[in-house]
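Student: Below: one structure in structure tokens.
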Amino acid sequence: MKKRIFLQIICWLAVSSVLAFSSPGSKTEKTKKKIDQCFKCHQENHNLPKDYSDNDIHNKLMCSSCHGGDPQSDDISVAMDPEKGFVGVPTKSEIPKFCGKCHSNINIMRVYQPRIATDQVSQYFTSVHGKKLQSGDKNVAECASCHSAHNILAVKDPRSTVYKFNVPSTCNKCHGDANLMRQYKIPHNQLSEYTKSVHGIALFEKKDVGAPACNDCHGNHGATPPGVTSIARVCGACHVKNMEYFETSRMARVFEEKNFHGCEQCHTNHSVAKTSDSMIGIEKEAKCVDCHKQGDAGFESARKLKNFINHLKSNYDLANKKYEEVKLKGM
């Protein structure tokens, strides 16, 4: 009896499911996506944007979401009617605000990512790129220069142009162009220097996502070179203790008086090498002698400091040798 009732219940559930999904007014039928005539026409005429990708994060939207017009009409004059909001392809100077139509609107962005920032455009116009674009410079980077236009992928996607490991090569598209950088009197070898640095080796070879890439020091949308007053803070975001020790030193006050670039003065910027004892002292490769010459107090301090380090190393090596002997021979 119980078995028969159980089978009847199963049959009833199965029939109910079929009726629900086959009903002419079912939810599935009502929510069927409308055809985007813009995309259909461009696809049929093999006229999709050169960088178009099916993986673009905006593919869930219609073309009109960005470019305006009527996406339901297959009549070009109607689909591309300015009175229906059609704006077409934005000029370079229009791109930031073009993207900002959505990305600066919290009511739109919270639908997709409630935590996403909506100040990218305002940040951009505080950057070197944004200021130069406003002054009429058409060479500088804007949103599409870094993110692309129709192949925008989530930042966590390894294929994205702004994925952690890809950021240096994305920046290098412009900053590695010798002819372009020459116009601004900026070096174009930053990537080659960075690749050999302790940071570059950590990022590219060791795959350490905690290692800084370009945007960690320069910023993202508000990108700008760190100034004299901020560079120690930028480095200190990771090297906290080093910053705290340096700020309490006499050297920090002298650096401030002489307008020196804090950490960069000794460690450089893009070609930061792994620190070693050879950086200290009065030998040719030591950093101290870049500023201190024989006869001044700093030169003598550097000599004493290196002697102290050598003495400490000698004691350490001696202690380690005795330790190894004890392990071998016993007490």
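The values are calculated or read from the model by the stated rules, or taken from the named source; none is laboratory data. Quantities reported herein were computed from a predicted structural model and do not represent experimental measurements. Neighbour counts are summed over all protein chains in view; Cβ atoms, including those assigned to glycine, are modelled from backbone coordinates with ideal geometry. Surface areas here come from the heavy atoms of the whole protein model, side chains and all, with no ligands, DNA or RNA. Shrake-Rupley method; radii C 1.70, N 1.55, O 1.52, S 1.80 Å.
Student: Only one of Lys185, Lys207 is touching a residue at least 24 places away in the same chain (Cβ under 8 Å), charged (D, E, K, R) and surrounded by fewer than 15 Cβ atoms within 10 Å (Cβ to Cβ). Can you tell me which? Walk me through how you get there before you give the answer.
Tutor: Details: Lys185 fails: touching a residue at least 24 places away in the same chain (Cβ under 8 Å).
Among Lys185, Lys207, only Lys207 is touching a residue at least 24 places away in the same chain (Cβ under 8 Å), charged (D, E, K, R) and surrounded by fewer than 15 Cβ atoms within 10 Å (Cβ to Cβ).
Student: Then there is this: What is the residue count in the stretch 144-165 for residues that are open to solvent by 40 Å² or more (accessible area, probe 1.4 Å) and in a helix (DSSP H, G or I)? I'd like the intermediate steps shown before the answer.
Tutor: As a first pass, look at the stretch 144-165 and keep what is open to solvent by 40 Å² or more (accessible area, probe 1.4 Å): 146-147, 149-151, 154-156, 158-159, 161, 163-165.
With the extra rule that they be in a helix (DSSP H, G or I), the set shrinks to 146-147, 164-165.
Total meeting the criteria: 4.
Student: What is the residue count in the stretch 47-72 for residues that are surrounded by fewer than 16 Cβ atoms within 10 Å (Cβ to Cβ), more than 10 Å from Asn151 (Cβ to Cβ) and of a type in the set (D, E, K, R)?
Tutor: Result for the stretch 47-72: 1.
Student: Can you tell which of Lys306, Lys274 is outside any loop (DSSP other than H, G, I, E, B) and either in contact (Cβ under 8 Å) with a residue 60 or more places away in the chain or crowded, with 17+ Cβ neighbours inside 10 Å (or both)? Even if it seems obvious, please write down each step before you answer.
Tutor: Values: Lys274 fails: outside any loop (DSSP other than H, G, I, E, B).
Answer to the selection: Lys306.
Student: Consider Cys263 carefully, then state whether it is over 30 Å from Pro96 (Cα atoms), of a type in the set (A, V, I, L, M, F, W, C), open to solvent by 70 Å² or more (accessible area, probe 1.4 Å) and touching a residue at least 24 places away in the same chain (Cβ under 8 Å). Please lay out each step first, then the result.
Tutor: Numbers: over 30 Å from Pro96 (Cα atoms): yes; of a type in the set (A, V, I, L, M, F, W, C): yes; open to solvent by 70 Å² or more (accessible area, probe 1.4 Å): no; touching a residue at least 24 places away in the same chain (Cβ under 8 Å): yes.
So Cys263 does not fit the description; no.
Student: I need every pair where a residue in the stretch 139-152 that is touching a residue at least 60 places away in the same chain (Cβ under 8 Å) has its Cβ under 7 Å from the Cβ of a residue that is among the charged types (D, E, K, R) and open to solvent by 50 Å² or more (accessible area, probe 1.4 Å), sequence separation at least 6 or different chains.
Tutor: Close Cβ pairs (under 7 Å, with a partner that is among the charged types (D, E, K, R) and open to solvent by 50 Å² or more (accessible area, probe 1.4 Å)) amount to Ser148/Asp51; Ala149/Asp51; His150/Asp51; Asn151/Asp51.
Student: Please state which one of Gly330, Gly262 is modelled with pLDDT under 90 and within 19 Å of His199 (Cβ to Cβ).
Tutor: On the way: Gly330 fails: within 19 Å of His199 (Cβ to Cβ).
Just one listed residue meets the conditions, Gly262.
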